[in-house]
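Contents: one structure, followed by commentary.
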Amino acid sequence: MIGWEDVYKVVTAMTPLCVALALGYASVKWWHMFTPDQFDAINRFNCFFIIPFFNFKFISHINPYELNYPFLGADCIAKCIVLIVLVFWTNCTRKGSCMWSITAFSLCSLNNTLIVGVPLLKAMYGEVGEDLVVQSSVIQSLVWVIFLLFMLEFRREWSKTKSVTNTINGDLQLQAIECGSDLDQNSTPMSMSINKAPSIWSILKIVWLKLAKNPNFYACIAGLIWALLASRYDGDTQGLSKVYRAS
């Protein structure tokens, strides 16, 4: 049973984050302490420097050889169930929308595990909860974020293709009206040649290029490599120095 002491731990853990968010919002919205350009600069600094080092700090302290596979499997199954439901909603209902499905999948499955999850789960379950959150964040960064980027790029390319097709069809319709010709005979071949699904390989190329410019991806990889080496030699600095000398 949850007691008041447990509630106090959760509130204590979440208060610094909530206060920081409130102060940041008020400093721009009401107090006008920062201009939009300054606020954008602060966001970019956090994105390119603070958050990558933050991710590296937590990921480098896990033990990749002792992952909780039942927990990670359950997390993967939960995300897949959400994805299947959203795909069914998009294709089998009139109100289904691909863009809303992507947004819903991001909100339901790809939450901010480290910044929000670490203090919350650590307050609720101690070091075990923190370790589970960090493990799920590694899988999220290496698998699900890439999958989300792929869906967003596929949606963008598909929308671009439809936009080009609609523009060409509109021009053909205008020409048909001006020339008094049959619209279907003139527009069908060009419409079919334009209205093609975007190439999977081209989308993957765009995704990898964006990942190559994302410092959080490098921080995750570097933290995982550090954790593999540190766990392999049980955190022994002498063992790590042997590896460095050998290399």
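The values are calculated or read from the model by the stated rules, or taken from the named source; none is laboratory data. Please read these numbers as outputs of a predicted model, since none were measured by experiment. With ideal geometry, Cβ positions are generated from the backbone for all residues, glycine too; neighbour counts draw on all protein chains shown. Note: areas computed on protein heavy atoms with side chains; ligands, DNA, RNA excluded. Shrake-Rupley method; radii C 1.70, N 1.55, O 1.52, S 1.80 Å.
Taking the conditions exactly as written (surrounded by 10 or more Cβ atoms within 10 Å (Cβ to Cβ), farther than 15 Å from ILE115 by Cα, at pLDDT below 85 and not hydrophobic (A, V, I, L, M, F, W, C)), does LYS9 satisfy them or not?
Here the answer is yes, as LYS9 does meet what is asked.
I need the full set of residues from the range 78-130 which are farther than 26 Å from PHE56 by Cα and among the β-branched types (Val, Ile, Thr), in order please.
Selection gives ILE81, VAL82, ILE84, VAL85, VAL87, THR90, THR93, ILE102, THR103.
Which residues, counting only those in the range 16-67, are in contact (Cβ under 8 Å) with a residue 40 or more places away in the chain and of a type in the set (Ser, Thr, Tyr)?
SER60, TYR65 - these are the residues of the range 16-67 that are in contact (Cβ under 8 Å) with a residue 40 or more places away in the chain and of a type in the set (Ser, Thr, Tyr).
Of all residues in the range 120-152, which are modelled with pLDDT of 85 or more and among the acidic types (Asp, Glu)?
Within the range 120-152, ASP131 is the sole residue that qualifies.
Where residues in the range 29-88 are surrounded by fewer than 13 Cβ atoms within 10 Å (Cβ to Cβ) and among the hydroxyl-bearing types (Ser, Thr, Tyr), which of them is modelled with the lowest pLDDT?
THR35
Kindly indicate whether any position in the range 210-218 is among the hydrophobic types (A, V, I, L, M, F, W, C), open to solvent by 60 Å² or more (accessible area, probe 1.4 Å), under 22 Å from PHE147 (Cα atoms) and at pLDDT 85 or above.
Scanning the range 210-218, I find no residue that is among the hydrophobic types (A, V, I, L, M, F, W, C), open to solvent by 60 Å² or more (accessible area, probe 1.4 Å), under 22 Å from PHE147 (Cα atoms) and at pLDDT 85 or above, so the answer is no.
Filter the range 12-28 down to the residues that are open to solvent by less than 100 Å² (accessible area, probe 1.4 Å) and of a type outside the set (A, V, I, L, M), then identify the one that is nearest to ASN112 (Cα to Cα).
CYS18
Kindly evaluate GLY223 against the criterion of being modelled with pLDDT of 85 or more, open to solvent by less than 80 Å² (accessible area, probe 1.4 Å) and not aromatic (Phe, Trp, Tyr).
Yes.
Taking only the range 82-93 into account, find how many residues are more than 16 Å from VAL143 (Cα to Cα) and of a type in the set (A, V, I, L, M).
4
Working only within the range 62-96, note down all residues that are out of contact with any helix residue (DSSP H, G or I) (no Cβ under 7 Å at 6 or more places or on another chain) and under 19 Å from GLN135 (Cβ atoms).
Within the range 62-96, GLU66, TYR69, PRO70, GLY73, ALA74, CYS76, ILE77, ALA78, CYS80 meet the criteria.
Exactly one condition in (1) assigned to a helix (DSSP H, G or I); (2) in contact with a Leu (Cβ under 9 Å, 6 or more places away or on another chain) is not met by GLY96; state its number.
(1)
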